[in-house]
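One structure below.
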Amino acid sequence: MLSSQNILVTGATGQVARTLTEQLNKNNQVWAAARFSDTAAKQALQDQGVETVYLNMDDADMSALPDVDYVFHCGCNTFPKSQDEAIRQNAEGTGFLMRRYKDAKAFFHMSSDSVYRETKDPAELISEDAVLGGFSVYAPHYAMSKLAAEGVVRYLARELNLPTIIARLDVAYGIHGHGGAPMALYEMMKHGMAYTRRRDGDSYCCPIHEDDIAEQVQSLIMNAGVPAVTVNLGGDEVVTVEEMITFIEGLTGMTMKMETADMATWGMKVVDPTKRKQLAGPCNISWRDGIRSVLERRYPGSVVS
């Protein structure tokens, strides 16, 4: 774990990076960089001693940001309204951020497994050298912008001689932000919304708890390199969305409405954890224990069995 370092975390008030920011702040000086549309989250971080600094990924001039040793770039526009907005903020903005921190010890870039193409077998493990060119049904401009960002990151790692690591995140979940897919499933049950499953079978993923993310990425950034290193970031267990639904139903006593169509509500993937385990070790939280714990914390009284 990092200690006695100056660290910048982008997207620090969001679902993925909030816990990372809080954990890093216990042993380091941390700056949370964001637009801070969530003022309550900003105040909560400040109350813990985290410094906050405004960051707009549309800005080319980032000279006002503080000097730091390490950068964890987790912020991005997950629902860009156009291809121009997507590339400008997620790809070009990342480039300007790397240029600002060309003298950092290392740069961590959070990417997404949406950059991978769908596999014929939805349970197939996808390794880092798999075919790219994915598409996100829920956000049509997102996946391509994350792939474009990876190209920018790879180039600047070499151009700036900046040790860099790119992590392709699978299904993250936890108490912060929207809570991730498992919590979205709970909300769907709670409000009587239907989940659409694939006509030809289940949807598979490797969910990873926010505490494991916070631990894993600290180890991963110590393996940053030039050229940039690319690694999958998901949990150690493969689970179907349908299994998660059944498990949440059993915990809460609620029932999910189910529909069937050619495409599921979410397009999930299974990322191969082999390289991540080699670099950072195994995860500590099983998906069942993690989902139960998060439900109990986010929704007190929701777990009845």
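A few points about this structure:
- Residues located in the stretch 224-270, provided they are under 24 Å from Ser127 (Cβ atoms), touching a strand residue (DSSP E or B) at 6+ places or on another chain (Cβ under 6 Å), part of a loop (DSSP other than H, G, I, E, B) and not charged (D, E, K, R): Ala224, Ala228, Gly234, Gly235, Val238, Ala264, Met268
- Scanning the stretch 3-34 for residues that are more than 12 Å from the chain's Cα centre (by Cα), at pLDDT 95 or above and outside any strand (DSSP E or B) yields Ser3, Ser4, Gln5, Thr21, Glu22, Gln23, Leu24, Asn25, Lys26, Asn27, Asn28.
The values are calculated or read from the model by the stated rules, or taken from the named source; none is laboratory data. Please read these numbers as outputs of a predicted model, since none were measured by experiment. Here Cβ is always computed from backbone atoms with ideal geometry, including for glycine, and neighbour counts include all displayed protein chains.
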